[in-house]
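Below is one structure, written out as structure tokens; the observations come after it.
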Amino acid sequence: MTIMGIIRGFIRYFNYFCMSFTLLLCVIYLLQLVIAFFKIRRNRNRQIADDYLRYADSDNLLPISLIIPAFNEQENIVHNVKSLMKLSYPEYEIIVVNDGSTDQTHYNMVEAFGLYPIETSIKISIPTEEVRNVYYNKDYPNLIYIDKASGGKSDALNAGINASSYPLFACLDADSRLEKDALLHLGNEFLKDTTTVVAGGLVRIANGSKIEDGVWQSFEVPRRHIERLQIVEYFRSFLSGRVCWGNGLLIVSGAFGVFNKQAVIDCGGYKRGTVGEDMEIVMHVHKEMVKQHRKYSVKFCPEAVCWTQGPMNSKDLRSQRRRWQVGLVDTLFSYFHMTFNFRYKVAGLLAVPYNWLFEFLGAIVEVLGYFIIPFSLIMGELNGFFFVMYLLLSVLLGVILSVGGIILEQYMRKGCMSAKQAMKLSVYAILENLGYRQMIMLARVGGILRFRRLRNLWGKIQRKEFNK
């Protein structure tokens, strides 16, 4: 067989593989959407019967330490802390960890809350960079502010864990907003099931929404196309994708998750030197619980909502998705031994292989397809009619998934969007296939190719003040 024959054979079989792979992924996403609908409906019926709000003043709820790592967050940090002070939860503390900010973050916090340095002792359960000072004001008895040398987000979280007083802690982003009852939902998971070690909440895109004092007020479709596309993507991917995994969940968003503190300390805290600390800590907890032969549960609660700002330009969006992919690759390689390992049950037998196949390999296959499939058309190795039918089918399935995500969002939050707004976003379910999806996939592959250089770099995303 000649070299040209080998190349033609590879192209032919790659086309079939790429098309089969894409259609399989669409079918899996469709199944996730259906499963998510029935799970959300079941949970909703349980909550109506359970009436979780009766626990709002219950002494049975475990107290929670809210840890907010902050690096150059001058725009939002003060407003975020003030919002957290109005949460509905019987007992919690707020720990803001300034990780060597070079802007006005430190000044804004000290000035806004009249903080002053205090003498205190902190038990060092996890080694961190130097803590310069701990600040306090008796007028805000549940607020602790820590100023420390720069060590990265993981190091800041570890410093917050060391300073925390309570058996549960929540990790929060400095630019996020929790809905008023979000902690009640997650705290209730630890009350209902004492084996729970991790509980994650749902992160929604705040762009276009007005949130005041932890209460969602209204929604307007954002002006920028890049923001509209992200909203549709979040509806499709983040809700249904995480509801389905149950105890096999491998990631709890760094923007909002509650952890059993001792379980994290047993893991040695958050791993430094990775940008995927949110996925890494959950997988480490899985590993540690299995190692200790402990019965444990990992929960995802879509009713516990955190709002976060999505990137407002394509440059920041590409940077964010590269970083996510770098974190995924780093964590998958670190926990490669979990792949098809029956000891980890659903996590090892299904969730980890799924991430290898579709989240890691899937991006590479799709990007290769962008170049090889058109080339095979030119060489005559692919039937044009077959290609057009495949393209239309894959786009149609993608549109169905995105519209299904919008419908699921409307089901969860009746009245959050008008019919006109839902129709406008549905248009973007089509438009995201015409450049947006390709940009995201190229950014993800860029993260894989530049993994070694980017694995320790966070980058900076442009932020604006909430509701401004």
- [ ] Mind counting the residues in the range 320-347 that are small (Gly, Ala, Ser) and either within 15 Å of the chain's Cα centre (by Cα) or buried (at least 21 other Cβ atoms within 10 Å of the Cβ) (or both)?
- [x] 2
- [ ] From (1) assigned to a loop (DSSP other than H, G, I, E, B); (2) in contact with a strand residue (DSSP E or B) (Cβ under 6 Å, 6 or more places away or on another chain); (3) free of Cβ contacts under 8 Å to residues at least 40 places away in the same chain, pick out the condition that doesn't hold for Ser150.
- [x] (3)
Open item on the list: If I ask for residues that are surrounded by fewer than 23 Cβ atoms within 10 Å (Cβ to Cβ) and either over 19 Å from the mean Cα position of the chain (by Cα) or not polar (S, T, N, Q) (or both), which ones from the range 270-279 would you list?
Closed with: Lys271, Arg272, Gly273
Open item on the list: Looking only at the range 210-229, filter to residues that are assigned to a strand (DSSP E or B) and not aromatic (Phe, Trp, Tyr); which one of those is farthest from Ile406 (Cα to Cα)?
Closed with: Glu212
- [ ] Determine if the range 287-304 includes at least one residue that is over 30 Å from Asn341 (Cα atoms), touching a residue at least 12 places away in the same chain (Cβ under 8 Å) and not β-branched (Val, Ile, Thr).
- [x] yes
Task: Criterion (surrounded by fewer than 19 Cβ atoms within 10 Å (Cβ to Cβ) and at pLDDT 80 or above) met by exactly one of Val81, Val34, Val97 - done: Val34
TODO: State which residue pairs qualify: first residue acidic (Asp, Glu) and inside the range 66-87, second residue crowded, with 23+ Cβ neighbours inside 10 Å and assigned to a loop (DSSP other than H, G, I, E, B) in any location, beta carbons under 7 Å apart, and separation of 6 or more residues or different chains.
DONE: Glu73/Ala174; Glu73/Asp175
Open item on the list: Give me the residue from the range 88-104 that is polar (S, T, N, Q) and over 12 Å from Ile77 (Cβ atoms) and, out of that set, nearest to the chain's Cα centre (by Cα).
Closed with: Ser88
Task: Test set (1) in contact with a Pro (Cβ under 8 Å, 6 or more places away or on another chain); (2) outside any loop (DSSP other than H, G, I, E, B); (3) surrounded by fewer than 20 Cβ atoms within 10 Å (Cβ to Cβ) - Tyr166 fails condition number - done: (2)
Task: Residue check for Glu129: surrounded by 16 or more Cβ atoms within 10 Å (Cβ to Cβ) and acidic (Asp, Glu) - done: yes
Task: Filter result (in contact (Cβ under 8 Å) with a residue 12 or more places away in the chain, within 30 Å of Gly435 (Cα to Cα) and of a type in the set (Gly, Ala, Ser)) within the range 202-232 - done: Ala206, Gly208, Ser209
Open item on the list: I'd like to know if the range 113-136 contains one or more residues that are assigned to a helix (DSSP H, G or I) and modelled with pLDDT of 95 or more.
Closed with: yes
Open item on the list: Anything in the range 400-444 that is surrounded by 14 or more Cβ atoms within 10 Å (Cβ to Cβ), at pLDDT 80 or above, farther than 23 Å from Thr22 by Cβ and polar (S, T, N, Q)? List them, or say none.
Closed with: Gln421
TODO: Would you tally the residues in the range 100-117 being more than 20 Å from Ala174 (Cα to Cα) and either surrounded by 13 or more Cβ atoms within 10 Å (Cβ to Cβ) or of a type in the set (Asp, Glu) (or both)?
DONE: 1
TODO: Could you please give the count of residues in the range 174-216 that are at pLDDT 90 or above and among the β-branched types (Val, Ile, Thr)?
DONE: 5
- [ ] Answer yes or no: is there a residue in the range 47-57 that is modelled with pLDDT under 80, on the phi > 0 side of the Ramachandran plot and assigned to a loop (DSSP other than H, G, I, E, B).
- [x] yes
TODO: Kindly provide the set of residues from the range 361-396 that are of a type in the set (Val, Ile, Thr) and closer than 22 Å to Gly446 by Cα, ordered by number.
DONE: Ile364, Val365, Val367, Ile372, Ile373
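Residues are listed down the side, and each one gets a yes or a no for (1) part of a loop (DSSP other than H, G, I, E, B); (2) more than 19 Å from Lys271 (Cβ to Cβ); (3) modelled with pLDDT of 90 or more:
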| site | (1), (2), (3) |
| --- | --- |
| Lys295 | yes, yes, yes |
| Cys301 | no, yes, no |
| Trp307 | no, yes, no |
| Met312 | yes, yes, no |
| Asp316 | no, yes, yes |
| Trp324 | no, no, yes |
| Gly327 | no, no, yes |
| Asp330 | no, no, yes |
| Phe333 | no, no, yes |
- [ ] Evaluate the range 248-265: report whether one residue or more is more than 24 Å from Ser65 (Cα to Cα) and modelled with pLDDT of 85 or more.
- [x] yes
TODO: Restrict the check to the range 332-342 and report whether at least one residue is in contact (Cβ under 8 Å) with a residue 60 or more places away in the chain and not polar (S, T, N, Q).
DONE: no
- [ ] Answer yes or no as to whether Ile265 is of a type outside the set (D, E, K, R), surrounded by fewer than 22 Cβ atoms within 10 Å (Cβ to Cβ) and either over 14 Å from the mean Cα position of the chain (by Cα) or assigned to a loop (DSSP other than H, G, I, E, B) (or both).
- [x] yes
Open item on the list: Among the residues of the range 354-399, what is the count of those that are surrounded by 14 or more Cβ atoms within 10 Å (Cβ to Cβ), under 23 Å from the mean Cα position of the chain (by Cα) and at pLDDT 80 or above?
Closed with: 12
TODO: Please tell me if Ile161 is in a strand (DSSP E or B), buried (at least 21 other Cβ atoms within 10 Å of the Cβ) and within 27 Å of the chain's Cα centre (by Cα).
DONE: no
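The values are calculated or read from the model by the stated rules, or taken from the named source; none is laboratory data. These numbers come from a predicted model, not from an experiment. So basically every Cβ, Gly included, is an ideal-geometry build from the backbone, and we count neighbours across all protein chains shown.
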